[in-house]
Amino acid sequence: DAGITQSPRYKITETGRQVTLMCHQTWSHSYMFWYRQDLGHGLRLIYYSAAADITDKGEVPDGYVVSRSKTENFPLTLESATRSQTSVYFCASRLAGSYNEQFFGPGTRLTVL
Amino acid sequence: AQRVTQPEKLLSVFKGAPVELKCNYSYSGSPELFWYVQYSRQRLQLLLRHISRESIKGFTADLNKGETSFHLKKPFAQEEDSAMYYCALSDTGANSKLTFGKGITLSVRP
């Protein structure tokens with residue numbers, strides 16, 4: 001499971017600041033995903049990427065930006081953090097193919113004050 | 001739009017009791033369904049998927065297309081089963097994605 005890592009694991013920031021959450025995987029998986037986990041909402045997809053330089057919106061993309069210049073990295077940026085973005089963020093990856101097992105990172109707990 | 005409903009937030013049972021975690025889905029095509037589990041201080045991981053029809057850690061789940069359900073069952077709960085469980089639905093196609101339910105916390109008491 002060390003194949004997919006996230007950093008930082010914990011982050012406290014202030015409203016209006018830019019924050020970047022990092023995700024790195026060593027499996028060369030084509031697909032990568034960002035979710036947020038909130039009580040009462042479960043896991044919701046923010047953005048996903050099918051390959052380097054190919055990204056698309058998920059269910060809750062507003063306020064977030066992603067990029068994927070390399071297959072192994074998929075950073076998530078909050079351009080101007082808001083309190084409603086306080087959450088636990090999970091990165092995941094999977095191989096291309098129809099069997100949709102996703103492998104998850106350990107999560108980043110973000111608090112926006 | 002696809003949707004996954006887990007109607008309960010918490011299920012608390014005694015060790016040895018049967019467990020059923022409910023999951024209902026809405027999807028216009030042929031669904032692929034999964035159960036993911038998150039143990040305390042561990043990352044989310046796949047527990048089982050309907051297509052393989054397997055039993056993992058004593059858990060089984062049967063897809064019932066008539067009732068659009070994919071309930072997770074275990075006849076005798078163990079304390080180590082205590083965790084958060086998510087039901088998930090995959091859409092089809094090359095860029096298939098998972099839609100998760102809101103999750104249910106299973107607490108197994110000694």
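The values are calculated or read from the model by the stated rules, or taken from the named source; none is laboratory data. Predicted model, so just to flag it, every value in this text is computed and none were measured. Using ideal geometry, Cβ is built from the backbone for each residue, glycine included, and neighbour counts are taken over all protein chains shown. The area values use the complete protein model at the heavy-atom level, side chains included, leaving out ligands, DNA and RNA. Shrake-Rupley method; radii C 1.70, N 1.55, O 1.52, S 1.80 Å.
The order of A:THR13, A:THR82 by accessible area, most exposed first and with a 1.4 Å probe, is A:THR82, A:THR13. Accessible surface buried at the B:A interface totals approximately 1900 Å², computed with a 1.4 Å probe on protein heavy atoms. Average projection, convex hull of the Cα set of the protein assembly as shown: 12.0 square nanometres. Approximating the spin labels as points 7 Å out from Cα along Cα→Cβ, the B:GLN78-to-A:SER7 distance works out to 3.6 nm.
The largest accessible area among B:TYR27, B:TYR85 belongs to the first residue in B:TYR27, B:TYR85, and the rest follow in falling order (1.4 Å probe, all chains). Annotation note: trypsin sites (Lys or Arg not before Pro) in region A:45-113 located in DSSP loop regions with a Cβ neighbour count of at most 13 within 10 Å are A:LYS70. Specify the inter-centroid distance of region B:30-90 and region A:67-111, based on alpha-carbon positions, in whole Å. Taking the Cα centre of each part, region B:30-90 and region A:67-111 sit 23 Å apart. Just the protein heavy atoms count here, and of the accessible area of region B:3-109 at 1.4 Å, carbon and sulfur take up 49 percent. Listed values for region A:10-15 are Karplus-derived 3J(HN,Hα) couplings in whole Hz (6.51 cos²θ - 1.76 cosθ + 1.60, θ = phi - 60°), namely 9, 8, 10, 9, 10, 3, and x replaces Gly and Pro.
At 1.4 Å probe size, with no ligands or nucleic acids counted, give the accessible surface of B:MET84 in Å², nearest ten. Rounded to the nearest 10, that gives 50 Å². Computed 3J(HN,Hα) for region B:81-97, one whole-Hz value per residue from the Karplus formula 6.51 cos²θ - 1.76 cosθ + 1.60 where θ = phi - 60°, is 7, 4, 4, 9, 10, 10, 8, 9, 10, 9, 7, 9, x, 4, 9, 5, 10, glycine and proline marked x. Here the Karplus curve 6.51 cos²θ - 1.76 cosθ + 1.60, taken at θ = phi - 60°, turns the phi angles of region B:4-9 into couplings of 10, 10, 10, x, 10, 9 Hz, with x standing for Gly and Pro.
Exposed loop sites were defined as chymotrypsin sites (Phe, Trp or Tyr not before Pro) in DSSP loop states (anything but H, G, I, E or B) carrying at most 15 other C-beta atoms within 10 Å; in chain A the longest segment without such a site runs A:28-98. Per residue, the solvent-accessible area of chain B (1.4 Å probe, heavy atoms of protein chains only, all protein chains present) comes to 51 Å². Residues considered: B:SER55, B:SER30, B:SER69. Largest GNM mean-square fluctuation over chain B, using C-alpha springs under 10 Å, is found at B:SER30. Under 5 Å from the amide H of B:ALA17 lie the amide H atoms of B:ALA77, each residue being 5 or more positions distant or on a separate chain, with H modelled from the backbone and absent for Pro and chain starts.
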